[in-house]
1. Is it true that ARG129 is crowded, with 17+ Cβ neighbours inside 10 Å, over 20 Å from VAL169 (Cβ atoms) and either at pLDDT below 90 or not hydroxyl-bearing (Ser, Thr, Tyr) (or both)?
2. Here is a list of conditions, (1) within 23 Å of MET165 (Cβ to Cβ); (2) modelled with pLDDT under 85; (3) touching an Asp or Glu at 6+ places or on another chain (Cβ under 9 Å), and ALA25 meets all of them except one; can you say which number that is?
3. When residues of segment 104-128 are filtered for being farther than 16 Å from PRO163 by Cα and over 16 Å from the mean Cα position of the chain (by Cα), how many remain?
4. Considering only residues that are among the charged types (D, E, K, R), closer than 20 Å to THR72 by Cβ and touching a helix residue (DSSP H, G or I) at 6+ places or on another chain (Cβ under 9 Å), which ones fall in segment 95-112?
5. Residues in segment 106-125 that are out of contact with any His (no Cβ under 7 Å at 6 or more places or on another chain), surrounded by 16 or more Cβ atoms within 10 Å (Cβ to Cβ) and either small (Gly, Ala, Ser) or under 25 Å from HIS55 (Cα atoms) (or both): how many?
6. Residues to consider are ASN146, ASN81; find the one that is out of contact with any Ser or Thr (no Cβ under 6 Å at 6 or more places or on another chain) and touching a residue at least 40 places away in the same chain (Cβ under 8 Å).
7. Answer with yes or no whether ILE181 is assigned to a strand (DSSP E or B), aliphatic (A, V, I, L, M), surrounded by 20 or more Cβ atoms within 10 Å (Cβ to Cβ) and modelled with pLDDT under 85.
Amino acid sequence: MIFGSEAPLRALGSILLLASLLHSAAHAEAAAAPAAWNLSQLLGGFRDVKHAQAHYVERRYLSVLKRPIQDTGILVYVAPNFLRKETLEPQHELLLVEGDTLTIERDGRTQTLTHGDYPQIWAFIEGIRATLAGDLLTLEAVYAVNLNGDEASWQLLLQPRDPAMQQIVRSIQIAGSAAQIKRIETVERDGDRTDMVITEDPR
């Protein structure tokens, strides 16, 4: 492996955060949620989104460091299965999901994973695709899903069902308003966490 064993696991957190943000940039395209608002209607608001782009600030809190590591960059989604996370500062890094291929570019080197590599990663990718497609049945096959709050201020808690993934990621919490996602927090099994704040590109 070009990047060593930790690279795919690090990519996991990035992919999960990427997954969730992609709805936020396109909230203007989503239909207004009806009065009887629930999880099905939250996902339904994302179903017609064909393209989205947003800026992010991501802070990673590690138990071994006194201060968080901060990255900034751009996230892009193109339906049905293209995801891109480009870190611009402090160091350039690119994560691409195209169909059944994950590509990681870092330090001038490239690593490519296919659908048969690291089943835990691909389980999350399938969950991401289900979220972007508004496919509640598939999403619930990958995560235990719990929605709190109301349309104006909601929190979506995702917890992996796969025991192998539970050893890596404890939970993902997505917070937003209507069809706009504003914040995503990923908590790892060891207590480290990643916090992403998302700002949609102006239209």
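The values are calculated or read from the model by the stated rules, or taken from the named source; none is laboratory data. Bear in mind that the values here come from a model prediction, so they are computed numbers and not experimental data. Positions of Cβ are backbone-derived with ideal geometry, glycine not excepted, and every protein chain shown enters the neighbour counts.
1. Details: crowded, with 17+ Cβ neighbours inside 10 Å: yes; over 20 Å from VAL169 (Cβ atoms): no; either at pLDDT below 90 or not hydroxyl-bearing (Ser, Thr, Tyr) (or both): yes.
Judged against the criteria, ARG129 is not a match.
2. (1)
3. If we filter segment 104-128 for residues that are farther than 16 Å from PRO163 by Cα, which is where we start, we get 104-117, 125-126, 128.
Going one step further and asking which of them are over 16 Å from the mean Cα position of the chain (by Cα), we end up with 105-117.
Final tally of qualifying residues: 13.
4. Kept after step one, since they are among the charged types (D, E, K, R), are these residues of segment 95-112: 98, 100, 105-107, 109.
Retained after the next criterion (residues that are closer than 20 Å to THR72 by Cβ): 105-107.
Within segment 95-112, just ARG106 meets the criteria.
5. Residues that pass the stated criteria total 6.
6. On the way: ASN146 fails: touching a residue at least 40 places away in the same chain (Cβ under 8 Å).
Criteria check complete, one pass: ASN81.
7. Working: assigned to a strand (DSSP E or B): yes; aliphatic (A, V, I, L, M): yes; surrounded by 20 or more Cβ atoms within 10 Å (Cβ to Cβ): yes; modelled with pLDDT under 85: yes.
Here the answer is yes, as ILE181 does meet what is asked.
A quick yes/no check of all residues on (1) among the β-branched types (Val, Ile, Thr); (2) free of Cβ contacts under 8 Å to residues at least 40 places away in the same chain:
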{"residue": "LYS66", "(1), (2)": "no, yes"}
{"residue": "ASP71", "(1), (2)": "no, yes"}
{"residue": "GLU105", "(1), (2)": "no, yes"}
{"residue": "THR110", "(1), (2)": "yes, no"}
{"residue": "ILE121", "(1), (2)": "yes, no"}
{"residue": "GLY134", "(1), (2)": "no, no"}
{"residue": "THR138", "(1), (2)": "yes, yes"}
{"residue": "ALA141", "(1), (2)": "no, yes"}
